[in-house]
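One structure below.
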Ligand SMILES: [Zn+2]
């Protein structure tokens, strides 16, 4: 699928979802068989990295079905680990999705916790969370209070830092963009409206 056509499909799917008109394309047995035989490539049209938050499920938000989206989910849509970056690289180069979307969301607990950490909160009793939150916090702008404005700014900043990291580490992303084969987009999902904004 052409990259701007893929974007239009995500936008239309999100509009269906936000209006309560999802088509929920559930596969019949023929479609399942086709997906097994033909694989993901040529079917999946977007690689999406987003948060593990239970309210932020890309297949529902974009009204998509099985085989449509290649999804990486981590707390705070973090992509520090080799595993996350390898999955993104796989989506771009092997599944050959023409779109790569980094989607943060409102009320993101991971980003809010990282802000608290930056202000002195201690999470060292939870070592894995402590490590992730520390990395997220290092990239966040300074904030003097936890106002909604500051939280939203931090969430946006985290999305853009993820995109920078992907560009820094994955040479295929830059190359494919230059060749017109890939569109890399930042997005923000609003939990209360169900709408995705393209930043
Ligand atoms: Zn989150």
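The numbers here are math on the coordinates, done by the rules we state, and not lab data. Because the structure is predicted, anything quoted here is derived from the model rather than measured. Reconstructed Cβ throughout: ideal geometry from the backbone, glycine too, with neighbour counts over all protein chains shown.
Once the Cβ-Cβ distance between residue 150 and residue 178 is put in as r, and R0 is 22 Å, what FRET efficiency do you end up with, to the nearest 0.05? With a Förster radius of 22 Å, E is 0.05. Helix 29-38 and the longest principal axis of the C-alpha atoms of the chain enclose an angle of approximately 80°.
Peptides 97-103, 160-166, 81-87, 64-70 ranked from most to least packed, by the mean per-residue count of other Cβ atoms within 10 Å: 97-103, 64-70, 160-166, 81-87. The DSSP beta bridges internal to the range 72-199 are antiparallel in roughly 30% of cases. Relative contact order for the chain: 24 percent, from Cα pairs under 8 Å spaced at least 6 residues apart, divided by residue count. Computed over the chain, the per-residue total of -39500 (n - 2.57) for DSSP H runs of n ≥ 4 gives a 222 nm mean residue ellipticity of -15000 deg cm²/dmol, rounded to 500. Once the Cβ-Cβ distance of residue 52 and residue 131 is raised to the sixth power relative to R0 = 22 Å, the FRET efficiency obtained is 0.90.
Let a ≥ b ≥ c be the square roots of the eigenvalues of the Cα gyration tensor of the range 96-150; is it rounded (a/c under 1.5), or, if not, prolate (a/b larger than b/c) or oblate? The shape class here is oblate. In this simple spin-label model, placing a label point 7 Å from the Cα along the Cα-to-Cβ direction at both residue 8 and residue 93 gives a separation of 3.1 nm. Among 146, 115, the order by Cβ neighbours within 10 angstrom, fewest to most, reads 146, 115. Once the Cα atoms are used to define both axes, helix 127-139 deviates from the longest principal axis of the chain by about 90 degrees. Footprinting exposure proxy ranking of 50, 113, 171, fewest other C-beta atoms within 10 angstrom first, gives 171, 113, 50.
Label-to-label distance for residue 28 and residue 119 is 5.5 nm, based on points extended 7 Å past Cα in the beta-carbon direction.
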